[in-house]
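See structure below.
The values are calculated or read from the model by the stated rules, or taken from the named source; none is laboratory data. Because the structure is a prediction, the values reported are computed rather than measured. Neighbour counts run over all protein chains shown; Cβ positions are idealised from the backbone, glycine included. Each accessible area value is taken on the protein alone, full model and side chains, heavy atoms only, with ligands, DNA and RNA left out. Shrake-Rupley method; radii C 1.70, N 1.55, O 1.52, S 1.80 Å.
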Amino acid sequence: MPPSATTTLKATVSSPIEDYLEALHADCAGNDAGEVASYIPELARADREWFGICVATVDGRVYEVGDTRQGFTIQSISKPFTYALALEDVGRHEVGEKVGVEPSGDAFNSISLAPDTGRPLNPMINAGAITTSSLIAGTSPAERLERVVRTYSRYAGRELSVDQRVFESERVTGHRNRAIGHMLRTFDILTEDPNAALDLYFSQCAVTVDCRDLSLMAATLANAGVNPVTGERAVPAEFVAPVLSVMTTCGMYNAAGDWVDGVGMPAKSGVSGGILAVLPGQLGVCVFSPPLDPQGNSVRGVRVCRRLSRDLGLHFLDVVRSSRSALRAAYDIAGVPSKRWRSAAERTLLDEVGSRAMVYELHGDMQFAGAELVVRAIVERSAELEVAVVDLRRAAEIGRAAVRLLLDLRENTVAEDKELVFVEAGTHEGFARAVGQERGLPPLVFGDLDPAIEWTEEHLLSTYRGGSVAPPAVGLADHQMCQGLDEASLAHLEGLLERRSFADGETLVRTGDAASEIFLLTSGEVTVTVHRHDGAPHRMATLSAGMVFGELATIGRSVRSADVTAEGAVEVRILSTATLDDRGHARPALQAALVRNMLRGAYEHVERMTREVASLTRVT
């Protein structure tokens, strides 16, 4: 029986993305290399075992594993966000007069100034970051700090604050930064007492965040400056590209070149153990783990980002043409059934349970971001689903990461006694190879959508009724063409009908034949087929005993537009249009009843097509 509203559904299918991140976290947690930063005393208190990974998409879905809600101070990851605020406050020209955009190739706290002007080489090293802090607008130090924290909060989607203990610790021990500040004042890069800029810089570095906050801050940059959860704009879109540019070339200091080659995402690290990375238009990443390598970057963070880029195809030079539009449409099979016309009982059951099977039509290039969108849609609805059909025929390319996620999803789906089937036209060799070689659970793959939907219907009928039942032979009294006829009319009609039998594969009707007969199918099944412009056959319907065909063409007295072929042994009763016309004069009531039943059947065709159109134009 179909599930009732009170039925407890099985646990939802687990997300293969979450499974992957869990496995990645477990694999990298054993790496104990690196040292926790100690030159700022408060940072030395961090537990070297803290380890969190967050991936946030540009539509607000956050995947997280590990210590993602453990607070820590943002440190140098603050630099791109203050740089963006400075660009907004004074403009690109004035900022460019004070700080360059060239990679230094040096450590984060190096004294890298242009020899002729004293201008810091870029805003990601401390000298450049102190300079950009000095450019933040405000009538007082308190107002400038309030604007910085409020801006960071818009990126994160929640109210942030300064850790006063860390601020004081940095302020007391930041002698090198003070030296940099006074040197900047010597070159008139800072035009006022450097202590104000230094205090603001120490304060911004001491803002407390967690791994989830930073992933959303990264996703905000990936989303052209709009927070994907709150919808609030954190930075004008025109300043996002300059920020991502300096993150790409300078964000990882003297490891920047190796990072671009091996990871390929604009990024920024901080000495408290965070690494933030951005894949424009797709997602933001944050990894938090305090032990640092000699360059001041999180050891586990670097390893995780390399794995993410390699396994999920996240390098920003792997061009994706249409990742955000990968899900073309989603609809259930109650609205878009197969071309097999079902009995009244089967139709009633499929109307009840058809919403438990969804079709997901994909298009464009299928890389990680596109596959994530589809996988998430299926996982989030999995408690209500028995079958998901993934239609890949319009996918121009299916990347390795997308294949991995889809096949992982099928394994998770089958583990929950559900099904995931694929439709693909045989053009995706990478997908086919993965199907044939990589998995011990070969997925169900159909060459066209209609047989996949028909298989799904059979699966639902089997689940809720024990399977579909081949319709038995139907007597004339029970035929849909004879509804409402009394015994006398039925007896008279019996004498007007010609009985014919056809063998499996035999053609009953050919395209182009004169439409001079109406066929009442009394035993077996027939398939109605049209030919496309390239000559390929296309199934329009499969009809079973008790149904009628040929009536639409006879109403308009036109020629046949389709072939009708027997599926197994078939018996029909045939009524010629000449006889129907003749009976109109002799028995007008009989003719009226037959025409009424034909029109009822035509209405069912129209109603079915209307439901399909409504479903196909509604993306869920």
**Item:** Leading residue at positive end of dipole, the chain (Cβ point charges), from Met547, Thr522, Val559
**Value:** Val559
**Pairwise centroid distance, computed over Cα atoms, of the range 255-282 with the range 334-394, Å** = 37
**Asked** Just how many pairs of Lys in the chain have C-alpha atoms closer than 29 Å, counting pairs that are eight or more places apart or on different chains?
**Response** 5
**Asked** Fully extended, how many nm does the chain gain between Thr507 and Asp351 (0.36 nm per residue separation, minus their Cα-Cα distance)?
**Response** 53.0 nm
**Request:** For Glu380 paired with Asp258, estimate the spin-label separation in nm (one decimal), with each label point 7 Å from Cα along the Cα-to-Cβ line.
**Result:** 3.9
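Keeping every protein chain present and rolling a 1.4 Å probe, give me the accessible area per residue for the chain in Å².
The answer is 41 Å² per residue.
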**Item:** Linear extension gain, Arg600 paired with Thr230, 0.36 nm per residue minus alpha-carbon span
**Value:** 128.0 nm
**Within the accessible area of the chain (1.4 Å probe), percent carbon and sulfur** = 51
**Fill in**
Leu496 and Ala196 label points (each 7 Å along its Cα→Cβ direction) are spaced in nm at 10.1
**Prompt:** Spin-label point model (7 Å from Cα, Cβ direction): what's the Met540 to Arg92 distance in nm?
**Reply:** 5.9
**Prompt:** Which far-off residues, 5 or more places away or on another chain, put their amide H under 5 Å from the one on Glu386, with H placed in the peptide plane?
**Reply:** Ala357
**Message:** From the phi angles alone, apply the Karplus equation (6.51, -1.76, 1.60; θ = phi - 60°) to the range 522-538 and give each ³J(HN,Hα) in whole Hz, x where the residue is Gly or Pro.
**Reply:** 10, 7, x, 9, 10, 10, 9, 10, 10, 10, 6, 4, 8, x, 6, x, 9
**Prompt:** How large is the helix-only mean residue ellipticity at 222 nm for the chain, computed as the sum of -39500 (n - 2.57) over DSSP H runs with n ≥ 4, divided by its residue count, in deg cm²/dmol to the nearest 500?
**Reply:** -12500 deg cm²/dmol
**Prompt:** Which distance in Å, rounded to a whole number, links the C-alpha centroids of the range 182-243 and the range 470-527?
**Reply:** 77
**Fill in**
Counting only backbone N atoms under 19 Å from a point 7 Å out along Cα-to-Cβ of Ala179, the residues of the range 123-156 in range are 125-131
**Request:** Would you please name the GluC sites (Glu not before Pro) within the range 161-201 that are DSSP coil residues with at most 15 other C-beta atoms within 10 Å of their C-beta?
**Result:** Glu192
**Asked** Cα axis of helix 141-156 to longest principal axis of the chain: angle in degrees, 0 to 90, nearest 10?
**Response** 30
**Request:** Quick one: which residues, 5 or more positions from Ala224 or on another chain, have an amide H under 5 Å from its amide H? H modelled 1.01 Å from N in the peptide plane, none for Pro or chain starts.
**Result:** Gly281
